[in-house]
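Nothing in this text is a laboratory measurement; each read-out follows from the coordinates by a stated rule. Keep in mind that this is a model prediction, so the values were computed, not measured. Here the Cβ positions follow ideal geometry from the backbone for every residue, glycine too, while neighbour counts run over all protein chains shown.
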Amino acid sequence: MKISRHGSQRIKERVGLPKRAHLRHVQNVLKAGDLASQKTADGFKMIYKGFLYIFASSKYDEAILVTTYEAPANNCIAISNYKSKKK
């Protein structure tokens, strides 16, 4: 399990955890989080405690945290179609 630099910055910014707690938090997300999209060769999305975590898959089947967003409200848009604000 790895965390990208960008993913680590977003956990600190959006979730509010110190750097030393990031790995433990992401392990909890993988263990107790709800799968928000189907696992593909590219990656998958999970929801945990009101946040959407986007993971990429490496060539060794290892999950890499890419970024974290606040989870959208269920009545606004489907989570599997959730995209970043940047285009």
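General remarks:
- Nitroxide proxy distance, nm - points 7 Å out along Cα→Cβ at Ala32 and Ser58: 2.6
- Restriction of the trypsin sites (Lys or Arg not before Pro) in the range 1-52 to DSSP coil positions whose beta-carbon has at most 15 other beta-carbons within 10 angstrom yields Lys39, Lys49.
- From largest to smallest, the equivalent ellipsoid semi-axes obtained for the range 2-73 from the alpha-carbon gyration tensor read 18, 15, 10 Å.
- Relative contact order of the range 2-73, defined on C-alpha pairs under 8 angstrom at six or more residues apart (%): 32
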